[in-house]
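Structure, as structure tokens:
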Amino acid sequence: MSAPLYDKLLKHRRENIYPFHMPGHKMGRGIPEWDIFSMDITEINGFDNLMNPKDVIKEAEEKMAALYGAEKSFFSVNGSSGSLIAAVTAVCREGEKIIAARNCHKSVYSAFVFSGAVPIYVYPEQIPNTDITGGIDAEKIKKAIYENPDAKAVIITSPTAEGICSDVEKIAEYAHDNGMLLIVDEAHGAHFPFSDILPKSALEQGADIVVQSMHKTLDAPTQTSVLHIGTKHVDSQRIMKTLSMIQTSSPSYIFMSVMDKCRDELEKNGRKRYKIFMDKIRLYRQKFNFKNMRLLDEKYIGKYGIKDIDISKLTVISKNIKGTEIASKLEERKIVLEMSCPGHFTAICTPSDDDEGFIRLKKALFEIDNEIKKNGSADLCMPYPKMEMIYKPRDAFYMNEGEIDFEKSAGFVSAEFVIPYPPGIPVIVPGEKISRKAIDIIKNYAESGVEIVGCTHQRLEKIRILS
Ligand SMILES: Cc1ncc(COP(=O)(O)O)c(C=O)c1O
């Protein structure tokens, strides 16, 4: 092949593959054909500057803020990863504490390395007999705040990639009562304001900084994200500075203009489109009755720290078969999921999905369900391991390193991240003492076919440790 990636993408596009993954426009189904290259300009006269918006970008960002009910909104072309790094770096200086949910996305831990912030972890609840983390118990955040009154901020993920929401309102109240800011990673929830059936948005619940990926659930291209400022307590000038530090100096006008257009569409037709979509998703959810799979649904609300569930995502807990095996079987049938783990999988659904996709998914899942042997492949669901932080992430990242067999590494302090991807939450963070349980969990992910990233030896022969 002369252009291996390009050629492969063209082939992929021709193959009638159905995407239950992001971006939310579903391989163009949700947006009209665009002559993209003719709109790919740079900061020429009259087109403003993302790093110092005064004109047309400022106007577009103000319209975004008005739609979402934010004090101010910033476009970001570096995904929510970039927005989260900018948020944490703006709020915490070297050595300052931040109370952090331990199931944050890997970019939040990168922010700890870049900023020197000291995380005080609060572990998520666990849904029993699954490998899905529940919500963050607000009372545990309250306790961490009480024990660390000098912390600058609290950061949580809500919803998670599986659609689980924590009690943001209560957590915001506890943070504010103690003069702390609340940052919410709402990367998977940019669609929340457009249906009353969906969870309340973090901005509505009083969060100070809210980061959303437009590309995950809306009709916008990969990399598009918005950082919203929800309250007057945030220093927006500092956010502007950190955002410009972590972003390209040549932001794509395609990305920015599609964000603007997507906002315009949502403003005009968002609620109407989501009404039709949510009716459809409820209907399909009722039809998804399997012997070996169960949907994560509203029954879980009120337990395991779960305040609400985004039912637009189809998160399915598997029995007698691994979630990753189901994903492979779906791929054989030309259906591609967003995420699969040893004990569950998630399909991202958006208004840009068509009935053909849902019908194909339902048919394929019923076929797979009937193929599953009772007591087949065992569930290997493990709760998230509790880790001991010996050094803060930034210090550990810059210390001297050595190497040891991964299998024999329990008791040593890791010099690197070990991250199953998906879900992109580090099991091991630099500076944490490696435990036997962490090793087993990572091996379980790897043996199930989940990619391991963040570390030097991705086949896990060795691990870098602090020497
Ligand atoms: C919970 C969560 N937060 C943040 C991100 C980063 O988002 P982005 O891909 O827009 O950088 C992800 C990515 O998958 C995520 O799952």
Test Ala117 against the stated conditions and say whether it is in contact with a strand residue (DSSP E or B) (Cβ under 9 Å, 6 or more places away or on another chain), under 24 Å from Ser201 (Cα atoms) and away from the ligand (no atom under 16 Å from the Cβ).
no
State whether the residues of region 412-434 include one that is away from the ligand (no atom under 16 Å from the Cβ), in contact with a Pro (Cβ under 7 Å, 6 or more places away or on another chain) and either modelled with pLDDT under 95 or open to solvent by 50 Å² or more (accessible area, probe 1.4 Å) (or both).
no
In region 311-350, how many are in contact with a Ser or Thr (Cβ under 9 Å, 6 or more places away or on another chain), assigned to a loop (DSSP other than H, G, I, E, B) and under 18 Å from Pro199 (Cα atoms)?
5
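So which of Asp185, Asp131 is at pLDDT below 95, within 25 Å of Ile301 (Cβ to Cβ) and open to solvent by less than 30 Å² (accessible area, probe 1.4 Å)?
On the way: Asp185 fails: at pLDDT below 95.
The unique qualifying residue is Asp131.
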Can you tell me which of (1) over 30 Å from Glu173 (Cα atoms); (2) surrounded by fewer than 19 Cβ atoms within 10 Å (Cβ to Cβ); (3) away from the ligand (no atom under 16 Å from the Cβ); (4) touching a residue at least 24 places away in the same chain (Cβ under 8 Å) is the one Lys241 doesn't meet?
(1)
Inside region 124-143, can you point out the residues that are under 15 Å from Ile156 (Cβ atoms) and within 16 Å of the ligand (Cβ to nearest atom)?
Pro124, Thr133, Gly134, Gly135, Ile136
Quick test of your reading of the structure: Val154 fulfils all but one of (1) within 15 Å of the chain's Cα centre (by Cα); (2) within 18 Å of Ser80 (Cα to Cα). Name the failing condition by number.
(1)
Could you give me the residue pairs with C-beta distances under 8 Å whose first residue belongs to region 296-313 and is within 18 Å of Thr350 (Cβ to Cβ), whose second residue is in a loop (DSSP other than H, G, I, E, B) and small (Gly, Ala, Ser) wherever it lies, and which are 6+ apart or on separate chains?
Leu296/Gly163; Ile309/Gly163; Asp310/Gly163; Asp310/Gly189; Ile311/Gly163; Ser312/Gly163; Lys313/Gly163
Across region 316-338, what is the number of residues that are open to solvent by less than 10 Å² (accessible area, probe 1.4 Å) and under 18 Å from the mean Cα position of the chain (by Cα)?
1
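Here's the yes/no breakdown for (1) surrounded by 14 or more Cβ atoms within 10 Å (Cβ to Cβ); (2) modelled with pLDDT of 90 or more:
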position: Glu15; (1), (2): no, yes
position: Pro23; (1), (2): yes, yes
position: Arg29; (1), (2): yes, no
position: Glu33; (1), (2): no, no
position: Met51; (1), (2): yes, yes
Residue under evaluation Val168, criteria (1) of a type in the set (A, V, I, L, M, F, W, C); (2) more than 16 Å from the ligand (Cβ to nearest atom); (3) more than 17 Å from Ser76 (Cβ to Cβ), criterion not met
(2)
Identify all residues within region 189-230 that are more than 10 Å from the ligand (Cβ to nearest atom), of a type outside the set (A, V, I, L, M, F, W, C) and within 22 Å of Ile301 (Cβ to Cβ); write none if there are none.
His191, Pro193, Ser195, Asp196, Pro199, Lys200, Ser201, Glu204, Gln205, Gly206, Thr217
Reported set for region 60-108 where residues are at positive phi and within 16 Å of the ligand (Cβ to nearest atom) is Gly79
Test: Asp55 is modelled with pLDDT of 95 or more, open to solvent by less than 50 Å² (accessible area, probe 1.4 Å) and more than 16 Å from the ligand (Cβ to nearest atom):
no
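The values are calculated or read from the model by the stated rules, or taken from the named source; none is laboratory data. All of these numbers come straight from a predicted model, not from anything done at the bench. Quick reminder, even Gly has a Cβ in these numbers, built from the backbone with ideal geometry, and neighbours come from all protein chains shown. Heavy atoms of the whole protein, side chains included, go into the accessibility calculation; ligands, DNA and RNA do not. Shrake-Rupley method; radii C 1.70, N 1.55, O 1.52, S 1.80 Å.
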